[in-house]
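Enquirer: Dropping a structure here in structure tokens format, bear with me for questions.
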Amino acid sequence: MARKDPISHLVRHPAPSPTLVREILAVGTTAVPRLCALAANRAGWAPEGTPHNNAARGAIFVLRRIGDPAAIPTLVEVLTEAPADSAVVRSAAWALPGFGAAVIEPVLPHATEGSRWIEATEVLAECGVHDERIAQRILALIATVPAVGADAARAYGDPSLAGPLQAAFDAACPPGEPTGDDIQLAADLATSIVELGVADEARVHRVQAMLDRFKAVAAGKQEELAELRARLDVLDAAGIDVTTDAVRNRVAAEVVRRRT
């Protein structure tokens, strides 16, 4: 037996059951205003798992299934105004491409000028849209903040950006021992290159080699620290004050000398 008001049940789950979706679809486009109100309710932009959040995400899910273009302004609002870490942003980014070419005009300004432009770029890329203004923004980002540029390039999906990403990768790899941040940046850039459809085994292997070197250095530091502690324990047992900087520095220097 169908529920009298199926929309009210969206508060229970972010992904409505097939039965509930069918019941709301049976209501038709007359359900769109209420669904849009649920999606745009700021309380629904709260952390994932709260009842309001469930209602907003469920409403977005059903709006895509209904496919009424009247929902596009609300979904663009969610995409561009909800907190970046809110689950509803991802829901809106998933839903908007389902409306096809109708989303291009309202979303394009956010991709070329807005602050939430990476998410807008992802939507447009799903619709097959490429714009030189977006590409230039991504190129500038790769040159200045390569980690964020890698995410933007991945969202845009244009293989022509692989070359600048490869150049950024080469510039980001230090000649000496890498840090954890170095490895993370290199991995982000290499992942974006590969996800753009460009085979680049050499750089993938370089990321692995950096990680191996990092692990080896970390292991060596742990061994060095263990030896230092053991020597200080021996001196302490012999009645020597091992709390002074002079003693600790002298022992540390001796440990390093012996290990090298």
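The values are calculated or read from the model by the stated rules, or taken from the named source; none is laboratory data. This structure is a prediction, so every number in the text was calculated from the model and none was measured. Ideal geometry is used to build each Cβ from the backbone, glycine not excepted, and the neighbour counts take in all protein chains shown.
Enquirer: Does segment 1-33 hold any residues that are touching a residue at least 40 places away in the same chain (Cβ under 8 Å) and over 24 Å from VAL89 (Cβ atoms), and which are they?
Expert: Within segment 1-33, LEU25, THR29 qualify.
Enquirer: Something else: Picking from ALA111, ALA102, which residue would you name as being among the hydrophobic types (A, V, I, L, M, F, W, C) and touching a Pro at 6+ places or on another chain (Cβ under 6 Å)?
Expert: ALA102
Enquirer: Please specify each residue of segment 11-24 satisfying the condition of being in a helix (DSSP H, G or I) and either surrounded by 14 or more Cβ atoms within 10 Å (Cβ to Cβ) or within 26 Å of the chain's Cα centre (by Cα) (or both).
Expert: VAL11, LEU20, VAL21, GLU23, ILE24
Enquirer: Sticking with this structure for a sec: Can you say whether ALA199 is out of contact with any helix residue (DSSP H, G or I) (no Cβ under 6 Å at 6 or more places or on another chain) and at pLDDT 80 or above, as far as the supplied structure shows?
Expert: When the stated conditions are applied, ALA199 passes them.
Enquirer: If a residue counts only when it is under 17 Å from the mean Cα position of the chain (by Cα) and either among the polar types (S, T, N, Q) or surrounded by 12 or more Cβ atoms within 10 Å (Cβ to Cβ) (or both), which helices (runs of 4 or more DSSP H) contained entirely in segment 135-217 have at least 2 such residues?
Expert: Hits in segment 135-217: 146-156, 180-195.
For (1) outside any helix (DSSP H, G or I); (2) free of Cβ contacts under 8 Å to residues at least 12 places away in the same chain, each residue gets a yes or a no:
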{"residue": "LEU35", "(1), (2)": "no, no"}
{"residue": "PRO109", "(1), (2)": "no, yes"}
{"residue": "ALA120", "(1), (2)": "no, no"}
{"residue": "LEU124", "(1), (2)": "no, no"}
{"residue": "VAL129", "(1), (2)": "yes, no"}
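Enquirer: Among the listed residues ALA59, ALA111, ALA71, which satisfies the condition of being at pLDDT below 95, more than 23 Å from TYR156 (Cα to Cα) and either of a type in the set (Ser, Thr, Tyr) or crowded, with 24+ Cβ neighbours inside 10 Å (or both)?
Expert: Only one candidate qualifies: ALA59.
Enquirer: Read through the list (1) under 19 Å from GLU122 (Cα atoms); (2) touching a Ser or Thr at 6+ places or on another chain (Cβ under 8 Å), then give the number of the only condition that ASP68 fails.
Expert: Going through (1) under 19 Å from GLU122 (Cα atoms); (2) touching a Ser or Thr at 6+ places or on another chain (Cβ under 8 Å) one by one, ASP68 breaks only (1).
Enquirer: Could you tell me which numbered condition ILE60 fails, if it satisfies all but one of (1) part of a helix (DSSP H, G or I); (2) more than 24 Å from PRO18 (Cα to Cα)?
Expert: Of the numbered conditions (1) part of a helix (DSSP H, G or I); (2) more than 24 Å from PRO18 (Cα to Cα), the odd one out for ILE60 is (2).
Enquirer: Assess whether ALA93 counts as being more than 23 Å from ILE66 (Cα to Cα), among the aliphatic types (A, V, I, L, M), at pLDDT below 95 and out of contact with any strand residue (DSSP E or B) (no Cβ under 7 Å at 6 or more places or on another chain).
Expert: Against the criterion (more than 23 Å from ILE66 (Cα to Cα), among the aliphatic types (A, V, I, L, M), at pLDDT below 95 and out of contact with any strand residue (DSSP E or B) (no Cβ under 7 Å at 6 or more places or on another chain)), ALA93 does not qualify.
Enquirer: Counting only residues that are in contact with a helix residue (DSSP H, G or I) (Cβ under 6 Å, 6 or more places away or on another chain) and either within 16 Å of GLU119 (Cβ to Cβ) or β-branched (Val, Ile, Thr) (or both), which one in segment 33-55 is surrounded by the most Cβ atoms within 10 Å (Cβ to Cβ)?
Expert: Top of the filtered list is ALA39.
Enquirer: I'd like the full set of residues that are among the hydrophobic types (A, V, I, L, M, F, W, C) and in contact with a Phe, Trp or Tyr (Cβ under 9 Å, 6 or more places away or on another chain), limited to segment 89-106.
Expert: Residues satisfying the conditions are VAL89, TRP94, ALA95.
Enquirer: Moving on to the next point. From the list ALA162, ALA102, ALA150, ALA168, pick out the single residue that is of a type in the set (Gly, Ala, Ser), within 22 Å of GLY67 (Cα to Cα) and at pLDDT 90 or above.
Expert: ALA102
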